[in-house]
Amino acid sequence: MKGCSIMGIKLFDSELKVMDVLWKKGDLTAKEIAEILKQEIGWNRNTTYTVIKKCMAKGAITRSEPNFMCHAEIAKAIVQTAETDELIDKLFDGSPDLLFASLVGSQKISSEQIEHLRRIVDDAERAE
């Protein structure tokens, strides 16, 4: 199972799917999350509720009444950073420049995306 570890919390792909719904839509009831994931990926309600409970046990989601309202306790940006760090460590020997070179050299990135990356690099250099 793939996933990421943040602040000692390991989130697996299924849990990230639930978190993604909350990040996109904001606080929702468990029933609303279940309806969205049924439409998006075909999960049944019990599957969604089980995954929500796992996220709650890990501290990634809190719930409140009424109606089992769910709230993401971990920001998406934190998860993205943790996932990126894990990818760099696992596949690129901890070297962000090797990841960057792989992206640019993969032929799966458009010239517009390369230009966007140039601007990001330029902005980062100016900020130093």
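Some points to look at:
- On Cα atoms only, tilt of 45-58 relative to the major axis of the chain in degrees: 70 degrees
- For LYS17, the lysines whose Cα falls under 17 Å of its own Cα, not counting residues fewer than eight places away in the same chain, are LYS2, LYS25, LYS31, LYS38, LYS53, LYS54, LYS58, LYS76.
- Range in the chain, longest, excluding exposed trypsin sites (Lys or Arg not before Pro) [loop by DSSP; at most 14 other beta-carbon atoms within 10 Å]: 3-107
- Once Rg/Rh (Cα atoms, Kirkwood Rh) is calculated for the structure shown, the corresponding label among (i) 1.07; (ii) 0.94; (iii) 1.09 turns out to be (i).
- Accessible area per residue in Å² at 1.4 Å probe, computed on the chain: 67 Å²
- Between amide H atoms placed 1.01 Å from N, distances below 5 Å from LEU28 occur with CYS70, all of them 5 or more places distant or on a separate chain.
- A crude spin-label estimate for the pair HIS71 and GLU40, with each label 7 Å from Cα along the Cβ direction, gives 2.1 nm.
- With every protein chain in place, the chain: carbon and sulfur % of accessible area (1.4 Å): 53 percent
- For the chain, the longest principal axis of the C-alpha atoms and the axis of helix 111-127 are separated by about 80°.
- Within straight-line reach of LYS10, meaning a Cα separation under 20 Å, sit the following aspartates and glutamates at least 8 residues removed in sequence or on another chain: ASP20, GLU73, GLU83, ASP85, GLU86, ASP89.
- Over the range 49-110, equivalent-ellipsoid semi-axes from the Cα gyration tensor in Å: 36, 12, 9
- The range 88-128: C-alpha gyration tensor shape, a/c 1.5 cut-off, then a/b vs b/c: oblate
- Residues GLU86 and MET56, FRET efficiency given R0 of 30 Å [Cβ-Cβ distance, rounded to 0.05]: 0.85
- Net length available on complete extension from ASP97 to LYS31 is 19.5 nm, with 0.36 nm assigned per residue and the Cα-Cα distance removed.
- Helix 96-105 axis versus longest C-alpha principal axis of the chain: approximately 80°, rounded to the nearest ten.
The values are calculated or read from the model by the stated rules, or taken from the named source; none is laboratory data. Because the structure is predicted, anything quoted here is derived from the model rather than measured. We place every Cβ from the backbone using ideal geometry, glycine too, and count neighbours over all the protein chains shown. Surface areas here come from the heavy atoms of the whole protein model, side chains and all, with no ligands, DNA or RNA. Shrake-Rupley method; radii C 1.70, N 1.55, O 1.52, S 1.80 Å.
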